[in-house]
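Below is one structure, written out as structure tokens; comments come after it.
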Amino acid sequence: VQLQASGGGLVQAGGCLRLSCAASGRTFSGYVMGWFRQHPGKEREFVGSISWNSGRTYYEDSVRGRFTISRDNAKNTVYLQMDSLEPEDTAVYYCAAKRSDYFITVEDEYAYWGQGTQVTVSS
């Protein structure tokens with residue numbers, strides 16, 4: 001199983017970016033796909049997740065209403081649309097996967113991880 005995250009970059013505050021997480025090696029029916037981020041010098045934190053089957057989503061409070069997670073079954077890809085970006089959103093963003101019927105916010109629960117992609121928001 002491989003997860004490939006991409007789409008990071010430099011953007012001004014108020015701007016937007018869309019991250020992608022391309023999954024390969026299996027189908028992800030029955031999985032929860034999560035997005036995490038890690039600020040410099042801090043631990044990785046939960047951003048949001050999506051149920052692959054239902055498409056239902058769950059978000060951390062600080063990004064709810066600004067970030068949107070979606071998936072494309074045909075492409076086996078999950079997206080993180082980030083709008084109204086703030087300098088505080090600057091971090092390395094990771095995608096992860098876990099076979100589960102429930103949303104998972106704990107990093108250690110996820111079985112598969114992609115490499116990070118850097119997002120930098122300038123003020």
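Residues of region 11-123: accessible area per residue at 1.4 Å, in Å²?
51
Full-extension gain between Arg56 and Ala111, please, as 0.36 nm times their residue separation minus the C-alpha to C-alpha distance. All intermediate terms of the calculation are to be shown ahead of the outcome.
Numbers: separation 55, 0.36 × 55 = 19.80 nm, distance 2.00 nm.
This chain segment gains 17.8 nm when fully extended.
Which residues' amide hydrogens lie under 5 Å from the amide hydrogen of Glu60, considering only partners 5 or more residues apart or on another chain, with H built in the peptide plane?
Gly48
Could you check how much of the accessible area of the chain is carbon and sulfur, as a whole percent, using a 1.4 Å probe?
Numbers: 2760 of 6320 Å².
The computed percentage sits at 44.
So what are the ³J(HN,Hα) numbers for region 64-78, from phi and the Karplus equation (6.51, -1.76, 1.60; θ = phi - 60°), rounded to whole Hz, Gly and Pro as x?
Each residue's phi maps through the Karplus curve to give 4, x, 10, 10, 9, 9, 9, 9, 10, 4, 5, 9, 6, 10, 10 Hz.
Ignoring the sites themselves, what is the longest stretch of the chain with no trypsin sites (Lys or Arg not before Pro) in a DSSP loop and at most 16 other beta-carbon atoms within 10 Å? Don't jump to the answer; show the numbers that get you there.
Details: sites that count: Arg26, Lys42, Arg56, Arg66, Lys75.
Between exposed loop sites, the widest span is 76-123.
Counting other Cβ atoms within 10 Å of each Cβ, which GluC sites (Glu not before Pro) in region 23-95 have at most 15 and sit in a DSSP loop?
For GluC sites (Glu not before Pro) across region 23-95 that sit outside H, G, I, E and B with at most 15 neighbouring Cβ atoms in 10 Å, the list reads Glu43.
What ³J(HN,Hα) values, in whole Hz, does the Karplus curve 6.51 cos²θ - 1.76 cosθ + 1.60 give for region 31-40 when θ = phi - 60°, with x put for Gly and Pro?
9, 10, 10, x, 10, 10, 9, 10, 6, x
List residues of region 98-123, by number, whose backbone nitrogen lies under 12 Å from a label position 7 Å along Cα→C-beta of Ser70.
none
Please state the equivalent ellipsoid semi-axes for region 37-89: what are the square roots of 5 times the Cα gyration tensor eigenvalues, largest first, in whole Å?
Numbers: eigenvalues 97, 29, 23 Å².
Equivalent ellipsoid semi-axes, largest first: 22, 12, 11 Å.
The values are calculated or read from the model by the stated rules, or taken from the named source; none is laboratory data. This structure is a prediction, so every number in the text was calculated from the model and none was measured. A quick note on method: Cβ atoms are made from the backbone with ideal geometry, for glycine too, and the neighbour counts reach across all protein chains shown. Ligands, DNA and RNA are excluded from the accessible area calculation, which covers all protein heavy atoms including side chains. Shrake-Rupley method; radii C 1.70, N 1.55, O 1.52, S 1.80 Å.
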